[in-house]
Amino acid sequence: MSNTRPNFEGRIGRTVQDSEPFFAEAPHPGQDAPNVVMVLLDDTGFAQFGCFGSDIDTPNVDALASNGLQFTNFHVTPLCSPTRAALLTGRSQHAVGMRGVSNWRTGFPNQLGHISNHAATIAEVLGTEGYATFCTGKWHLAPTQDISAAGPFDQWPLARGFDRFYGFLEGETDQFYPELVVDNHHVDPPRTPDEGYHLSEDMIDQLLLMIHDSKGVRPDRPFFAYVPFGATHAPHQAPLAYLDKYRGRYDEGWDVIRERWYQRQLDEGIIPEGTKLAPRNPGVESWESLPENQKRFACRLQEAFAAFLDHTDDQIGRLVEGLRNLGELDNTIFVVLADNGASQEGGPLGVMHEMKYFNGIAEDMDEVMGRIDQIGGPESHTNYPWGWAQCGNTPFRWYKQTTHEGGVHVPMVLHWPDGLGESGGLRNQFINVSDIVPTIYELVGVAAPDVFRGVEQLPVTGRSFAKVLTDPASPATNRRQYFENAGSRAIIVEQDGVWWKAVARHMQGVDFDDDQWELFNLSADMSECNDLATSEPDKLVELIDLWWTEAERNGVLPLDDRLLELFRPRLSDESPHRLDRRYRYRPPMSPIPSQPSPSSGGRSWHLTAEVTRGAGDEGVLWATGSASSGIAVFVQNDRLVVDYNAFENHTIVESSIPVPEGPSSLSVHIQRTGPSTGTVSLAVDGAECGKAELPLLMRMVSSLGASVGRDHGSPVSRRYNDQFAFSGSLHQIEIALGQRSNDGASAAAQAAMGRQ
């Protein structure tokens, strides 16, 4: 009989006696194929690991470096989502549709809000070769309007090649009260901070469980693990023991500490002799000129960052030890890197609460002193000031979001005893983040497919540096690399043994043709201190022309410096943000992340809850935000209550009449009365029964989303503990939003960008 069944290579007769069976074998990369682990840190500057110059205790990363390779000339993009896209695909971030963060789309191919399906990820490629694939941590590669429990899920980790996922989908989350996702569904953290919970520890617990599950049953099967920590992105949060460890360590201030880290870099050969320490960036004041309270505040913020990084390093150590106990460490290609330079989003002073900064509220240093011990703990949402960020980027200028070295030159370590042999030490060759995937493909012996799942693939444009691993004298394979972010541009080119860089720091609204380009000889001036634009005008013109050539080749255009317009939610029938700005929720529901949530900042809005309650029934009807800032609507002691928590200044309104037993309609109305003021009023079954003035109507409430029928994060109100789930029947919540003020829209745009 003829065989018409696809992929069946046997023979089918009338009976089994005159037929031949066929057993298709699953792909397998071979018994000796190495595991691959990529550990990605967030907003970690070039100098912040101990082995790259700092005094922060990172013994586990330092050990990987001392027993492996330490890359001193490694470059990324200036922002997290683009770096992640280039890291996972081996291609230009613009070419794969991720020129900026995944929070928005522009209608152009260079910004899809996700990785193009024409660019298979390393998880997809290795998975088809027989690898198990795991991801624990921060994703931030799916359109953020699509990350609620409603999906769509086509750009979540499991749809892009990972067998298992445990982490969060947004650009940041609270480390003590994270917005957690397992595979394709939202879950609550397994413990509370009082029970010792911290997200970084949980991530490694879950990853080791995944690896043990796989290796316990299929020890022959290698794995690929992608471990993108939320650390060290704001909020900087760590267990108390780590915070206590760093008390007083940075009292000398950023000028002294940066000089010390710079000298360590010179002594250890991390930077070449002759490299200058860049001058303080504009806006960074000399330490000695600061008032005492500002110094104390800045020191505590740096202590929290150091504690966060130290704690993260210990989790990396737990992963390393877990692989060693399994006998898998030596044959694991273990890479540690950062996604961009240290963050400037804490502003010149630093922030006790990040959302204050985005509401245009300067920190009151006297007030801060009364809460200084909260920094780094569950009740804080801090980021450090520019001075400490530049210290983290020693010896460079500028920060994350810029295409100067402070934004794109970061640490990278590779450890692989079975593959490196006796090789080790420093590697000074220029390498870009897009070069990692083609290197791994070469090392494990796989090729990127031309067609994947029926979709034609873009070429892998990164260059393998596999030869550099075992030959320190091998030349760099990537000799021309462009950079771009929100109009800031740069290109690094090797010509006749000299590494040149042209760079322009773009300011929003300035004509691109008016940008001031600088020119540097990186071979002699690694820290970009000697601008040669005037003395070498022809070379500068040549490099600018090369930038445009690379921009055309890699899909960079059109240049686009919009922010506010892009972060406004798209109102459509296919969006969680409907044209009528009405939202209807019926519990039970998973938490709603911030981007798909109703945006209640800077505008009037109205909430109606339809409930049925028995005697004593109470609890949260709707809440958004956290203990640091948020809004909670709840029933307590038979009264309807609103707690409007504006950065721990609580305006509480309680209904003057009881909420009846049986069915009732409960309403809350927020009315904007001025640029930053408003009122809140309550009604029970249409009867007005409470009103209060809001001295501060928050333009941006929180980076955390909303929950229905409970408060799923840190309690917004001090009047209840834990989730305080509503014990009656909550039938429906309806929220109707008014028009947002320009100030509110601008604050939301700034906050959304700042959180990346």
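Just so you know, all these numbers are worked out from the coordinates, no wet-lab data involved. Values in this document were obtained by computation on a predicted structure and should not be read as measured data. Here the Cβ is made from the backbone with ideal geometry for all residues, glycine too, and neighbour counts use every protein chain on show.
Worth a mention:
- Net charge over other residues, Cβ less than 12 angstrom from the Cβ of Gly350 (K, R count +1; D, E count -1): 0
- Cβ-derived FRET efficiency at R0 51 Å, Arg562 paired with Ser656, nearest 0.05: 0.60
- For Ala623, net neighbour charge (Lys/Arg +1, Asp/Glu -1) across residues whose Cβ lies under 11 Å away: -1
- For Trp287, Trp388, the sequence from fewest to most other C-beta atoms within 10 Å is Trp287, Trp388.
- Over the chain, dividing the summed -39,500 (n - 2.57) contributions of all DSSP H runs of at least 4 residues by the number of residues returns a 222 nm mean residue ellipticity of -6500 deg cm²/dmol.
- The calculated FRET efficiency for the pair Ser727 and Leu158, based on their C-beta separation and a Förster distance of 41 Å, comes to about 0.70.
- The antiparallel fraction among DSSP beta bridges confined to the chain stands at about 75%.
- Remark: C-alpha extents of the chain on the principal axes read 90, 80, 50 Å, sorted largest to smallest.
- Extent of the range 413-465 along its three principal axes (Cα atoms, max minus min coordinate, largest first): 42, 24, 12 Å.
- Nearby lysines by direct alpha-carbon distance to Lys400 (threshold 22 angstrom, same-chain neighbours under 8 apart not counted): Lys138, Lys276, Lys356, Lys501
- Residue exposure sequence - Cys391, Cys299, Cys51, Cys529 - by fewest surrounding Cβ within 10 Å: Cys529, Cys51, Cys299, Cys391
- For the range 481-553, the orientation-averaged shadow of the C-alpha convex hull comes to 5.0 nm² (one quarter of the hull surface).
- For the range 201-250 versus the range 704-727, the inter-centroid distance based on Cα atoms is 27 Å.
- For Asp617, Asp418, the sequence from fewest to most other C-beta atoms within 10 Å is Asp418, Asp617.
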